Amino acid sequence: MHSIVDNISPPFQSEIPRFPIDIDYKTITEVVNQYNSGAGDERLKFVISRLVQHLHDFAREVSLTSEEWMEGIRFLTWVGQISSDIRQEFILLSDVMGLSTLVDSMNNVKPDNATQATVLGPFFTDDARQVEVGDSIVSDRNMQVGDPMFVTGRILDTDGRPIPKARIETWETDPTGHYDNQYPDRKEPDCRGRLFSAADGSYSYRAIRPVAYPIPSDGPVGMLLKKLGRHVYRPAHLHMMIEAEGYETLVTALYPEGDEYLYSDAVFGVKSKLVCSLKTITDEERVRDLGFKKGPVQLLEWDFVLVTKEQAKREREKVVQYLSSKPSS
C-alpha cells in the first residue's frame, strides 16, 4: 500500500529542519519566514516573505483581537462560498478595496499619447459572438428598451499609424444595469461582441448607451460597503479589450461625461482621459445609415492608441525603478 508520503520528494523526507519554538508575537514573523526560506522559486520566496511581514505588522499595528480575526475568516469564507462561474466575489472585493486599480496602474502604465488602461472588472466572458463592422452587439429585445448608440473610431499606434486586424472585445450592461452573466438562466451572450479593425484601423458597431449600475450588493462585499458608509454604484461605462500582434493588450473602458457617479466610482476605475462625450443624431436618414430603425442615436467616436510590447516594458521598468526608490513602510 502506498502512502501519500511516498509521493513527497526530498528535502521533506530526508531533512527535518530545526526552528525556534516558544514563539510569541515578537518572534513569529521571523520564524515563519525561516520556515519558508527553502522555496526554490526566489520570486515566490520574496513575495511570501513580504506578505507575511505586512500581514503580521497589520495585526500588531491594530492589536487585532481573536474575535476580529475570526470575523475576518468568516467574511473571507463567505466571499468564497458566494463565488461561482458567473460571479467572482473575490475580484469584486479586490476592486472595492482599490487593490485591482493599484495592481493595474503599476502594470499598465502608459505614455501620455496612449490610451489609458483601467480595471477589467468581474463580468468579462470569452464567449462573445463575432460581429461584422457596423453590426449590433445587443439583442433586438434590449435595443428596443435601451438608448441606441453607435460606436466608431480607429485603432492606432503611438505614431498615429493604423493597426489592422486588432481583436476588439467589448461588453456592457443591458438597459437595467445588469450584465448578461448575472442572469442564472443566461443562454447566450448579449450586450457583448468581438470584432476586428479594418485595414485602415477603423472599427464600428451598434450598442446601447451604458447606464450606471450597482455592483452586486447582496453578498459580503455589499455588506462591507454598507458598514463603511459607501454606495455600491459604478458610473456608466463601455468596456473594451484590444489585442494586436506585437502590441500590449489594452484593457480599458469609456465613461460618458455627466454621470453622477464619475467622482465616486465604487471600484476606482474612472480616469479623466477615459471620460468621453456623446453626440446626439436625430436626422432620420443618418440614423438609418447607421443601421438603426429609429432615433435619436448617441454617437461615440473614439480612437484607441496601443503601445508596443517594448514600449510597455520600458514603462513598467520606470514604475519598478520608482517603487524601489521609495522607502519601505
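The values are calculated or read from the model by the stated rules, or taken from the named source; none is laboratory data. Note that this is a predicted model, so its numbers are computed, not measured. Every residue, glycine among them, receives a Cβ derived from its backbone with ideal geometry; neighbour counts consider all protein chains shown.
I need the full set of residues from region 117-152 which are closer than 21 Å to residue 249 by Cβ, crowded, with 18+ Cβ neighbours inside 10 Å and touching a helix residue (DSSP H, G or I) at 6+ places or on another chain (Cβ under 8 Å), in order please.
Residues of region 117-152 that are closer than 21 Å to residue 249 by Cβ, as a first pass: 117-131, 137, 151.
Now narrow it down to the ones that are crowded, with 18+ Cβ neighbours inside 10 Å: 117-119, 121-123, 128, 131, 137, 151.
Of everything in region 117-152, those that are closer than 21 Å to residue 249 by Cβ, crowded, with 18+ Cβ neighbours inside 10 Å and touching a helix residue (DSSP H, G or I) at 6+ places or on another chain (Cβ under 8 Å) turn out to be 117, 118, 119, 121, 122, 123.
Which of the residues that make up region 277-329 are acidic (Asp, Glu) and exposed (fewer than 14 other Cβ atoms within 10 Å of the Cβ)? Before the answer, list the steps.
Initially, region 277-329 is screened for residues acidic (Asp, Glu), giving 283-285, 289, 301, 303, 310, 315, 317.
Matches in region 277-329: 283, 284, 285, 289, 310, 317.
What helices (runs of 4 or more DSSP H), lying completely within region 54-147, carry at least 2 residues that are closer than 28 Å to residue 32 by Cβ?
On the way: elements: 66-82, 89-96, 99-107, 140-145.
In region 54-147, the matching helices (runs of 4 or more DSSP H) lie at 66-82, 89-96, 99-107.
Right, residue 253: part of a loop (DSSP other than H, G, I, E, B), of a type in the set (Gly, Ala, Ser) and within 28 Å of residue 152 (Cα to Cα) or not? Please lay out each step first, then the result.
Details: part of a loop (DSSP other than H, G, I, E, B): no; of a type in the set (Gly, Ala, Ser): yes; within 28 Å of residue 152 (Cα to Cα): yes.
No.
Does residue 264 qualify as being surrounded by fewer than 22 Cβ atoms within 10 Å (Cβ to Cβ), closer than 17 Å to residue 177 by Cβ and modelled with pLDDT under 95? Give the derivation first.
Values: surrounded by fewer than 22 Cβ atoms within 10 Å (Cβ to Cβ): yes; closer than 17 Å to residue 177 by Cβ: yes; modelled with pLDDT under 95: no.
Here the answer is no, as residue 264 does not meet what is asked.
Looking only at residues that are out of contact with any Pro (no Cβ under 9 Å at 6 or more places or on another chain) and assigned to a loop (DSSP other than H, G, I, E, B) in region 201-218, which one is surrounded by the fewest Cβ atoms within 10 Å (Cβ to Cβ)?
In this case the residue turns out to be 218.
What about residue 272, is it within 14 Å of residue 116 (Cβ to Cβ), modelled with pLDDT of 95 or more and surrounded by fewer than 15 Cβ atoms within 10 Å (Cβ to Cβ)? Please lay out each step first, then the result.
Numbers: within 14 Å of residue 116 (Cβ to Cβ): yes; modelled with pLDDT of 95 or more: yes; surrounded by fewer than 15 Cβ atoms within 10 Å (Cβ to Cβ): yes.
When the stated conditions are applied, residue 272 passes them.
Which of (1) assigned to a loop (DSSP other than H, G, I, E, B); (2) within 19 Å of the chain's Cα centre (by Cα) does residue 221 not meet, given it meets every other one?
For residue 221, the failing item is (1).
Being among the polar types (S, T, N, Q), under 17 Å from the mean Cα position of the chain (by Cα) and surrounded by 19 or more Cβ atoms within 10 Å (Cβ to Cβ), is that true of even one residue in region 240-260? Quick ask: steps written out before the conclusion?
Quick first cut of region 240-260, residues among the polar types (S, T, N, Q) only: 249, 252.
From the residues that got through so far, the ones that are under 17 Å from the mean Cα position of the chain (by Cα) too are 249, 252.
Checking the rest, the ones that are also surrounded by 19 or more Cβ atoms within 10 Å (Cβ to Cβ) come to 252.
Yes, there is a match, as at least one residue in region 240-260 is among the polar types (S, T, N, Q), under 17 Å from the mean Cα position of the chain (by Cα) and surrounded by 19 or more Cβ atoms within 10 Å (Cβ to Cβ).
Answer yes if at least one residue in region 221-231 is buried (at least 19 other Cβ atoms within 10 Å of the Cβ) and in contact with a strand residue (DSSP E or B) (Cβ under 7 Å, 6 or more places away or on another chain), and no otherwise.
no
Out of (1) of a type outside the set (A, V, I, L, M); (2) buried (at least 21 other Cβ atoms within 10 Å of the Cβ); (3) touching a helix residue (DSSP H, G or I) at 6+ places or on another chain (Cβ under 9 Å), the odd one out for residue 189 is which?
Condition (2) is where residue 189 drops out.
Do you know which of the residues in region 162-179 that are within 21 Å of residue 149 (Cα to Cα) and without any contact (Cβ under 8 Å) to a residue 40 or more places away in the chain is surrounded by the fewest Cβ atoms within 10 Å (Cβ to Cβ)?
Restricting attention to region 162-179, the residues satisfying the condition of being within 21 Å of residue 149 (Cα to Cα) are 167-179.
Narrowing the set further to residues that are without any contact (Cβ under 8 Å) to a residue 40 or more places away in the chain leaves 174-178.
On the way: 174: 22, 175: 18, 176: 11, 177: 15, 178: 16.
It comes out as 176.
On the basis of being closer than 15 Å to residue 117 by Cβ, in contact with a helix residue (DSSP H, G or I) (Cβ under 6 Å, 6 or more places away or on another chain) and not β-branched (Val, Ile, Thr), does residue 247 make the cut? Even if it seems obvious, please write down each step before you answer.
Details: closer than 15 Å to residue 117 by Cβ: yes; in contact with a helix residue (DSSP H, G or I) (Cβ under 6 Å, 6 or more places away or on another chain): no; not β-branched (Val, Ile, Thr): yes.
So residue 247 does not fit the description; no.
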